[in-house]
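Asker: Please find one structure pasted underneath; my questions will follow.
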Amino acid sequence: LSNPASGGLEPPEHFAAHALLDLDKRGEHGILAERYASVRPRVCRSKGRLFPSGRVVLLLPGQVPGVASLEEVDELHISRDMGAAHMPRRYLLAIQDAEATLERASAQV
């Protein structure tokens with residue numbers, strides 16, 4: 001978004017960060033969705049992208065832990081509590097929940 005023209009996004013002024021923020025401020029979410037559909041294949045699906053090394057364990061409340069696919073970590077989702085969500089206490093609680101879920105799943109077998 002810092003240089004839309006270099007990514008083939010035309011007209012580049014429609015894809016500049018300030019233009020996208022203005023659309024959001026005006027509530028024009030349909031246009032934002034269209035712009036996102038143009039940007040995502042160039043940014044999130046480009047060849048040679050880097051991903052976290054090793055494996056990413058997906059911990060979802062009440063579900064058995066699993067290994068996350070690259071598609072599940074290919075994009076950063078911004079949320080109001082994302083800072084707090086990555087604090088050690090949240091990780092500990094997620095692991096404890098996963099352990100309890102595995103124990104319940106094992107007891108049912």
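The values are calculated or read from the model by the stated rules, or taken from the named source; none is laboratory data. In this text the structure is predicted, and so the values were computed from the model without any measurement. Virtual Cβ from ideal backbone geometry, glycine too; neighbours counted across all protein chains shown. In case anyone asks, the SASA skips ligands and DNA or RNA and just uses the protein heavy atoms, side chains included. Shrake-Rupley method; radii C 1.70, N 1.55, O 1.52, S 1.80 Å.
Asker: Counting other Cβ atoms within 10 Å of each Cβ, which GluC sites (Glu not before Pro) in segment 1-51 have at most 16 and sit in a DSSP loop? Spell out each step's value before the answer.
Answerer: On the way: sites: 13, 28, 34; in loops: 28.
When the GluC sites (Glu not before Pro) of segment 1-51 are filtered for loop state and at most 16 Cβ neighbours within 10 Å, 28 remain.
Asker: Amide H to amide H, which residues 5 or more places from residue 58 or on other chains are under 5 Å from it, using H placed in the peptide plane?
Answerer: HN-HN under 5 Å from residue 58: 66, 67, 68.
Asker: Can you give the accessible area per residue of the chain, in Å², using a 1.4 Å probe?
Answerer: Values: 8550 Å² over 109 residues.
Ligands and nucleic acids excluded, the figure is 78 Å² per residue.
Asker: Here is a follow-up. Given the -39500 (n - 2.57) contribution per DSSP H run of 4+ residues, what per-residue ellipticity at 222 nm results for the chain, rounded to the nearest 500 deg cm²/dmol?
Answerer: Numbers: 4 runs with 49 residues, N = 109.
Taken over the chain, the calculation gives -14000 deg cm²/dmol.
Asker: Report ³J(HN,Hα) in whole Hz for each residue of segment 5-10, in order, from the Karplus equation J = 6.51 cos²θ - 1.76 cosθ + 1.60 where θ = phi - 60°; Gly and Pro get x.
Answerer: So the J values, rounded to whole Hz, are 5, 5, x, x, 8, 10.
Asker: Give the carbon-plus-sulfur fraction of the accessible surface of the chain in %, rounded to a whole number; probe 1.4 Å, heavy atoms of protein chains only.
Answerer: Working: 5030 of 8550 Å².
In the chain, the share of accessible area belonging to carbon and sulfur is 59 percent.
Asker: Can you compute 3J(HN,Hα) from phi for each residue in segment 99-109, using the Karplus curve 6.51 cos²θ - 1.76 cosθ + 1.60 with θ = phi - 60°, rounded to whole Hz and x for Gly and Pro?
Answerer: 4, 5, 5, 5, 5, 5, 5, 5, 5, 7, 7
Asker: Give the relative contact order (percent, whole number) for the chain; include only Cα pairs under 8 Å separated by 6+ residues. Could you put the intermediate results ahead of the total?
Answerer: Numbers: 67 pairs, mean separation 19.3, N = 109.
Relative contact order, the chain: 18 percent.
Asker: Now a separate question. Hand me the trypsin sites (Lys or Arg not before Pro) from segment 1-100 located in a DSSP loop with no more than 14 other Cβ atoms within 10 Å, in residue order please.
Answerer: On the way: sites: 25, 26, 35, 42, 45, 47, 49, 55, 80, 89, 90; in loops: 26, 45, 47, 49, 55, 80.
Sites meeting the loop and neighbour criteria: 26, 45, 47, 49, 55, 80.
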